[in-house]
Amino acid sequence: MSGFEIYINNKRSDVIPSRYEDELWFMLFQTSENMAVSSWSSSWINGKITAPGTVGPIFLPEEVTFAVIDQDPTNDLQRVTGPYTAEFGDTFIVNQTLDDGTPPSVTKGQNTGNGEIHVTNKKGNAKPLEFALFKNGKKLLSQKDVIPNNTIYLSVQPTLYIAQVEPGSYTVGTDFKAVTQSARSKAILLNSKNPRVQINATELPTGEIEFSQA
C-alpha cells in the first residue's frame, strides 16, 4: 500500500517558554479536486500534542474505498453500504428502487482511465443518497443529496490540510463544508517522491498557531 508518513511537531515552547507542555489539538483532512457546493470533507484524524512533542507516524494511504450512505427507514439511523474497493477511474451504479429498509445495491462498471470515480444514483431510485470515499476505514470526503438520475465525480486533491481545533470538537468522522474549512486551514502539498511529511506547529507573538511544512 502506497502513501505518506505524517509527523506533526508541536514547537510552541521553542518561541514562548510559558507554553511548555501546552496541548495543541489538531485535525487532518483532505478535499475533492473540485470542491462543489455539495462537496463535504470529514475529520479524518483528530488528536492532541503536548509542547514540546511529536505525533507520528500517521499513515495516510493513497488508496481509497467507496461507500453509499443513507438513512435506514426501519430505525432512522445512518447506514453505510460498503466500503467497496475502488480505483480512480472506476464507475459505480447504485440501485435502490424502494425505500423499504433494503440497503442500496452497487454495481461496479469499467474503469474510464481518468482520475475521478464516477458514481450514478440510478434513474427511478427511491431517494437522494450520499456517496463517500474512505481511507483506512475512516470517512474522508463525500457528496451529499445526490438525486436519482444524476452522476457525480469523486476525487482526492493531493493535499493534506491541518487545522487547530477546540478540544473535543471535530471528532473523527465529523462532516463540514470543504470550501469553508479548507480556507481556514494550512494546505500541505503531497508528493509521492517524498512520502515522509514533517509539519511544524509554532506560536506567533499574537498567540496565533502557525503550521508549516518542514
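The values are calculated or read from the model by the stated rules, or taken from the named source; none is laboratory data. In this text, all values refer to a predicted model and were calculated from it rather than measured experimentally. Note: ideal-geometry Cβ built from the backbone for every residue, glycine included; neighbour counts use all protein chains shown. Keep in mind that these areas ignore ligands, DNA and RNA; they rest on the heavy atoms of the full protein, side chains included. Shrake-Rupley method; radii C 1.70, N 1.55, O 1.52, S 1.80 Å.
Hey, could you check segment 185-199 for residues that are buried (at least 17 other Cβ atoms within 10 Å of the Cβ) and touching a residue at least 60 places away in the same chain (Cβ under 8 Å) and say which is nearest to L28 (Cα to Cα)? If we take residues in segment 185-199 being buried (at least 17 other Cβ atoms within 10 Å of the Cβ) and touching a residue at least 60 places away in the same chain (Cβ under 8 Å), then S185 is nearest to L28 (Cα to Cα).
Scanning segment 41-62 for residues that are in a strand (DSSP E or B), open to solvent by less than 60 Å² (accessible area, probe 1.4 Å) and either in contact with a helix residue (DSSP H, G or I) (Cβ under 8 Å, 6 or more places away or on another chain) or within 23 Å of T180 (Cα to Cα) (or both) yields S41, S42, I45, N46, G47, L60.
Tell me yes or no: at least one residue of segment 82-105 is farther than 30 Å from A214 by Cβ, of a type in the set (D, E), in a strand (DSSP E or B) and at pLDDT below 95. No, there is no match, as no residue in segment 82-105 is farther than 30 Å from A214 by Cβ, of a type in the set (D, E), in a strand (DSSP E or B) and at pLDDT below 95.
Residue selection: A163 satisfies the criterion of being in contact with a helix residue (DSSP H, G or I) (Cβ under 9 Å, 6 or more places away or on another chain) and not hydroxyl-bearing (S, T, Y).
Here E203 meets the list (1) over 22 Å from L141 (Cα atoms); (2) acidic (D, E); (3) touching a Ser or Thr at 6+ places or on another chain (Cβ under 7 Å) almost entirely, failing just condition (3).
Looking across segment 16-33, the residues that are surrounded by 13 or more Cβ atoms within 10 Å (Cβ to Cβ) and either at pLDDT 90 or above or not acidic (D, E) (or both) come down to I16, R19, L24, W25, F26, M27, L28, F29, Q30, T31, S32.
Selection of segment 127-174 for residues being over 17 Å from F66 (Cα atoms), in a strand (DSSP E or B) and open to solvent by less than 60 Å² (accessible area, probe 1.4 Å) yields T159, L160, Y161, I162, A163.
The set of residues from segment 83-105 being free of Cβ contacts under 8 Å to residues at least 40 places away in the same chain and open to solvent by less than 40 Å² (accessible area, probe 1.4 Å) comprises G89, D90, T91, F92, V94, Q96, G101, P104.
Comparison of F92, F88 shows that the only residue that is in contact with a Lys or Arg (Cβ under 7 Å, 6 or more places away or on another chain) and within 30 Å of S192 (Cα to Cα) is F92. If the condition is being outside any strand (DSSP E or B) and in contact (Cβ under 8 Å) with a residue 40 or more places away in the chain, then segment 106-120 contributes G115, E116. Considering P167, P148, P128, the condition of being farther than 16 Å from I6 by Cβ and without any contact (Cβ under 8 Å) to a residue 24 or more places away in the chain is satisfied by P128 alone. Against the numbered list (1) out of contact with any Asp or Glu (no Cβ under 7 Å at 6 or more places or on another chain); (2) over 20 Å from E5 (Cβ atoms), Y153 comes up short only at (1).
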